[in-house]
Each structure stands twice: as C-alpha cells, then as structure tokens.
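What follows is a short report on a single structure.
The values are calculated or read from the model by the stated rules, or taken from the named source; none is laboratory data. The structure displayed is predicted, hence computed values, not measured ones. Backbone-built Cβ (ideal geometry, glycine too); neighbour counts: all protein chains shown.
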Amino acid sequence: MNRQSIAIKSGFWRSEGGNPFWIKFTDNQVFWLGMNNKTDDSNLGETWCHVGFGEINGDLITLKWSDISVGKDQLNGNITIQVISETEMMVIEDSGNFGKSKWIWESENKNFSQF
C-alpha cells in the first residue's frame with residue numbers, strides 16, 4: 001500500500017486521557033515533550049515527563065522516547081502512531097503505557113501557565 005503524506009500540524013496536542021504533548025514536525029523529523037496532566041493527585045509532569053525523537057514516513061510516525069527526571073517514572077521505549085488527519089492521530093503500537101489512544105491537535109502553542 002502506498003502511504004500518502006499528510007501535512008500534520010505542529011503545536012499543542014492532547015491525548016484522549018487528557019495528557020499534554022508539545023510536538024514539532026520539521027521535514028520528516030518529529031520532536032516532542034509529553035507529560036501527565038495536572039490532577040488532584042499530581043502536578044503537571046510530576047508522575048511522568050518524557051522527550052522523544054523520531055520520523056514521519058507517509059502516515060506513520062515512529063519515535064523513540066524516554067522519561068526524564070522531572071517526573072517519577074524512568075521508562076523508555078518506542079511508539080508508532082498513525083496520522084489520521086492534520087489534527088488527529090492514533091497510537092497503533094507502543095512499548096510503553098500509551099494504549100491505543102487518539103490524540104487531537106488543540107493549538108499552535110500553549111505554555112505551562114495556561115494549565
């Protein structure tokens with residue numbers, strides 16, 4: 001099957017679980033920062049916070065990610081995401097705890113003070 005490239009938006013994304021992701025697409029490269037959402041039990045990024053780097057090829061993103069010491073978790077792994085549209089994507093394979101969640105683009109930027 002020949003996969004078509006989709007012009008996916010960089011910026012602020014949110015998973016179905018409400019967790020924030022800042023994702024930048026540059027040519028076929030993908031850079032990201034993801035963390036747990038603020039809840040009654042934990043502050044933003046307190047439980048997990050990770051960075052990732054990967055590639056987009058057609059409608060698939062493949063990425064390596066690792067928790068950093070901002071959060072309590074110290075995990076790392078790989079993830080494959082299918083791009084559905086320029087503002088929607090879905091995890092299809094992962095070695096972490098992402099599940100098969102959809103992610104939705106919300107805006108070009110969002111800073112920590114907006115949480």
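Numerical summary
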read-out: Test: residue in region 55-68 that is surrounded by 13 or more Cβ atoms within 10 Å (Cβ to Cβ), out of contact with any helix residue (DSSP H, G or I) (no Cβ under 8 Å at 6 or more places or on another chain) and in contact (Cβ under 8 Å) with a residue 60 or more places away in the chain; value: no
read-out: Tally of residues being touching a Gly at 6+ places or on another chain (Cβ under 8 Å) and either among the acidic types (Asp, Glu) or within 24 Å of Ser85 (Cβ to Cβ) (or both) across region 36-58; value: 3
read-out: Those residues of region 9-36 which are touching a residue at least 24 places away in the same chain (Cβ under 8 Å) and over 13 Å from the mean Cα position of the chain (by Cα), in sequence order; value: Asn28, Gln29
read-out: Any chance Gln74 is modelled with pLDDT of 95 or more and either more than 12 Å from the chain's Cα centre (by Cα) or among the polar types (S, T, N, Q) (or both); value: no
read-out: Close pairs (7 angstrom Cβ cut-off, 6 or more residues apart or separate chains): under 12 Å from Trp13 (Cα atoms) and touching a residue at least 60 places away in the same chain (Cβ under 8 Å) in region 100-115, part of a helix (DSSP H, G or I) and of a type in the set (Gly, Ala, Ser) anywhere; value: none
